[in-house]
Amino acid sequence: MDKLNQVRHDWTVAEIEALFAQPFSDLMFQAQSVHRANQPHNAVQMSTLLSIKTGACPEDCAYCPQSVRYDTGLERETLVPLDEVRTRARAAKDAGATRFCMGAAWRSPKKRDVEAVAAMIREVRALGMETCATLGMLTPDQARELKDAGLDFYNHNVDTSPEFYGEIITTRTYQDRLDTLAAVRDAGLNVCCGGIVGMGETQTDRASMLATLANLPEHPESVPINQLVRVPGTPLAGEKEVDPFDFVRTIAVARIVMPKASVRLSAGRESMSDELQSLCFLAGANSIFYGEKLLTTGNPDVERDRALLSRLGIQPLVPPAVAAARASEPSEPHGRAPARPMAACSATRQR
Ligand code: SAM
Ligand code: DTB
Ligand code: SF4
């Protein structure tokens, strides 16, 4: 039993490959055992994404529809106004999301960008939601400024293994990513860091990516596992589809090597069957993006997600601070419909 709770930072790639290589049922049993020993089971945390600045990104990430280098037909947009952020966050909260994530297509934010995002963070916080941002590379000072504005989580992915990384991105290094993660951690922010499956990487690359994450000085609180969304116009548009069982295996291994982390079943859900998603939950995924859109691509609609969670007997996981904020609100503020779509399960720690 002890082993199920053990948080390790000395994983070798070979050990993780051996986890992947187990018979599917043995891997799922191990992942589910670790999950139950470390997480409130039958509960899933829900975040809603908003792209606060879309397109025209100078980076060359081969998977990304927002890079200025690829013609993906995306309308480029300037920073969204504060009013719209407030409206979208309130709608997300009313639909049942507990965290609001703001994403910007920047290599790294400028000084005025950080100030503008800090104002957005304050607005979202005032609604009693958790806040998350993903804005590209950050300096230690920028990370502290965002923390001071009330940011709870910063998302910055390693995306893939250090060995495969150069095939996907050339405009910034793996070490740049690790430096940003260190700045985020040092500022006292919760770290959200994961990667993408389905870019042509090998199983060893997946093991190496998970080893990188698990061997960080502290495990990320949140680990998004994205299935590549193959967007026409990007260099990876023609990649072949990932074997769904290999995707589930990646979730299961992430759960085993990072027992206390929230593992997020992220991009790619729109094209997954309910049955495949439920296998991901069984493998230890316990957070999702909720709402019709990710940043620029689609996500299952709210009704489909509510129905799926309800059919599986899964409840929304509500962090204590969010539950407290909800409890202190009048039941029907400003004539809005009350925002309690499903019975909630209260989390005991932040993830
Ligand atoms: N520009 C910032 C950055 O790169 O850190 C923030 C936004 S970026 C879109 C956030 C993450 O979304 C990427 O690191 C990548 O893991 C994920 N992502 C982007 N496009 C994707 C796609 N087509 N399929 C799956 N995940 C994707
Ligand atoms: C993450 O790992 N996945 C989210 C979030 N972090 C920002 C983004 C997925 C983006 C998928 C492609 C798009 O919608 O543009
Ligand atoms: Fe830019 Fe982020 Fe897309 Fe890379 S992933 S092109 S940095 S928006």
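Quick notes
- The lone exception for residue 79 - which of (1) outside any helix (DSSP H, G or I); (2) farther than 26 Å from residue 164 by Cβ; (3) within 16 Å of ligand 2 (Cβ to nearest atom) it fails: (3)
- Meets criteria (among the small types (Gly, Ala, Ser), surrounded by 15 or more Cβ atoms within 10 Å (Cβ to Cβ), in contact (Cβ under 8 Å) with a residue 24 or more places away in the chain and at negative phi) for residue 237: no
- First in the range 290-313 and on the phi > 0 side of the Ramachandran plot, second anywhere and more than 16 Å from ligand 1 (Cβ to nearest atom) and not aromatic (Phe, Trp, Tyr), Cβ under 8 Å, 6 or more apart: 291/92; 291/95; 291/97; 291/302; 313/42
- Within the range 94-107, being more than 14 Å from the chain's Cα centre (by Cα) and either under 16 Å from residue 193 (Cα atoms) or within 9 Å of ligand 1 (Cβ to nearest atom) (or both) holds for 104, 105, 106, 107.
- Residue in the range 195-203 that is within 12 Å of ligand 1 (Cβ to nearest atom), surrounded by fewer than 24 Cβ atoms within 10 Å (Cβ to Cβ), in a loop (DSSP other than H, G, I, E, B) and among the aliphatic types (A, V, I, L, M) present: yes
- Among the candidates 148, 113, 159, 152, residue that is closer than 30 Å to residue 236 by Cβ and either more than 20 Å from the chain's Cα centre (by Cα) or away from ligand 2 (no atom under 14 Å from the Cβ) (or both): 113
- Selection from the range 119-148 of residues that are surrounded by 19 or more Cβ atoms within 10 Å (Cβ to Cβ) and among the small types (Gly, Ala, Ser): 133, 136, 143
- Residue list for the range 135-181, filter: assigned to a helix (DSSP H, G or I), hydroxyl-bearing (Ser, Thr, Tyr), under 21 Å from residue 228 (Cβ atoms) and in contact (Cβ under 8 Å) with a residue 12 or more places away in the chain: 174
- Checking the stated criteria, residue 232 turns out not to satisfy the condition of being more than 30 Å from residue 14 (Cα to Cα), part of a loop (DSSP other than H, G, I, E, B), touching a helix residue (DSSP H, G or I) at 6+ places or on another chain (Cβ under 8 Å) and within 16 Å of ligand 2 (Cβ to nearest atom).
- Looking across the range 182-194, just one residue is assigned to a helix (DSSP H, G or I), under 15 Å from residue 223 (Cβ atoms) and not aliphatic (A, V, I, L, M), and that is 185.
- Filter result (in contact with a strand residue (DSSP E or B) (Cβ under 7 Å, 6 or more places away or on another chain) and either in contact (Cβ under 8 Å) with a residue 60 or more places away in the chain or away from ligand 2 (no atom under 12 Å from the Cβ) (or both)) within the range 264-276: 264, 266, 267, 268
- Qualifying residue in the range 179-189 (condition: within 16 Å of ligand 3 (Cβ to nearest atom) and either aromatic (Phe, Trp, Tyr) or within 14 Å of residue 61 (Cα to Cα) (or both)): no
- Residues in the range 83-118 that are within 16 Å of ligand 3 (Cβ to nearest atom), buried (at least 19 other Cβ atoms within 10 Å of the Cβ) and assigned to a helix (DSSP H, G or I): 117 alone.
- Matching residues, the range 242-272, being small (Gly, Ala, Ser), under 17 Å from residue 197 (Cα atoms) and in a loop (DSSP other than H, G, I, E, B): 266, 267, 268
- Residues satisfying the stated conditions in the range 277-320, i.e. over 18 Å from residue 100 (Cβ atoms), crowded, with 23+ Cβ neighbours inside 10 Å and within 16 Å of ligand 1 (Cβ to nearest atom): 280, 285
Conditions (1) modelled with pLDDT under 95; (2) within 17 Å of the chain's Cα centre (by Cα); (3) on the phi > 0 side of the Ramachandran plot, marked per residue:
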position: 191; (1), (2), (3): no, yes, no
position: 217; (1), (2), (3): no, no, no
position: 233; (1), (2), (3): no, no, yes
position: 244; (1), (2), (3): no, no, no
position: 254; (1), (2), (3): no, yes, no
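The values are calculated or read from the model by the stated rules, or taken from the named source; none is laboratory data. Everything numeric here is computed off the predicted structure, so don't read it as measured data. Note that each Cβ is placed from the backbone with ideal geometry, even for glycine, and that neighbours are counted across all protein chains shown.
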